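Written below as structure tokens is the structure these notes are about.
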Amino acid sequence: MAGGQGERFWPITHKKFPKYRLRFEGKKSLLAKTYERLLRVYPKNHIHVVTTQPHLEFIRAEIPALKLQNILIEPFRNNTAAAIYFSCETIAKKFGQDE
């Protein structure tokens, strides 16, 4: 999941620079580092990011290797539980219930 209003670490984060874009060690964002860790375990086409429309371009900038079809756009922002449910349902439809 990658989204939010950038309020948790204000003033470092804000709407145009949410938490997942922070860089603590090195030049890569938290999101990019997470993606790299997932690549050690999962094939590239099985890694998905769930976000909202306003964050789409941020996600594409942070992980240019992630295919557009692997970015799941929530219809509206509705917090963590709804994002998890939305992503599970979307992935189940994409890969089938047995995946």
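The values are calculated or read from the model by the stated rules, or taken from the named source; none is laboratory data. Quantities reported herein were computed from a predicted structural model and do not represent experimental measurements. Don't worry about glycine lacking a Cβ; one is built from the backbone with ideal geometry, like all the others, and counts go over all protein chains shown. Only protein heavy atoms, including side chains, enter the accessible area calculation; ligands, DNA and RNA are left aside. Shrake-Rupley method; radii C 1.70, N 1.55, O 1.52, S 1.80 Å.
Tabulated data
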item	result
Pair LYS33, THR80: separation of 7 Å Cα→Cβ label points (nm)	1.9 nm
Heavy-atom accessible area ranking, 1.4 Å probe, most first, across LEU38, LEU68, LEU56	LEU68, LEU38, LEU56
Whole-Hz couplings from phi, Karplus 6.51/-1.76/1.60, listed for the stretch 26-40; x for Gly and Pro	x, 9, 9, 6, 4, 5, 4, 5, 4, 4, 5, 5, 5, 4, 6
Prolate/oblate/rounded call for the stretch 35-79, Cα gyration tensor, a/c under 1.5 rounded	prolate
Potential lengthening between ILE91 and PHE9 on full extension [0.36 nm per residue; Cα-Cα distance subtracted]	26.5 nm
Cubic angstrom per residue, convex hull over Cα atoms of the chain	104 Å³
Carbon plus sulfur fraction of accessible area for the chain, probe 1.4 Å, in percent	56 percent
Whole-number percent relative contact order across the chain, with pairs defined as alpha carbons under 8 Å at least 6 apart	22 percent
Potential extension, GLN53-PHE17 segment - 0.36 nm per residue separation minus Cα distance	11.5 nm
Estimated vicinal HN-Hα couplings, Hz - the stretch 76-84 in sequence order (Karplus 6.51, -1.76, 1.60; Gly, Pro = x)	7, 6, 8, 6, 4, 4, 5, 5, 5
Tally of Lys pairs whose C-alpha atoms are under 26 Å apart, taken over the chain, 8 or more apart or cross-chain	25
Coil-residue chymotrypsin sites (Phe, Trp or Tyr not before Pro) of the stretch 1-96, DSSP, other Cβ within 10 Å capped at 16	PHE9, PHE24, PHE76
In the stretch 39-99, the trypsin sites (Lys or Arg not before Pro) that fall in loop regions by DSSP, at most 10 other Cβ within 10 Å	ARG40
Cα centre as origin, Lys/Arg/Asp/Glu Cβ charges: the chain dipole, Debye	420 debye
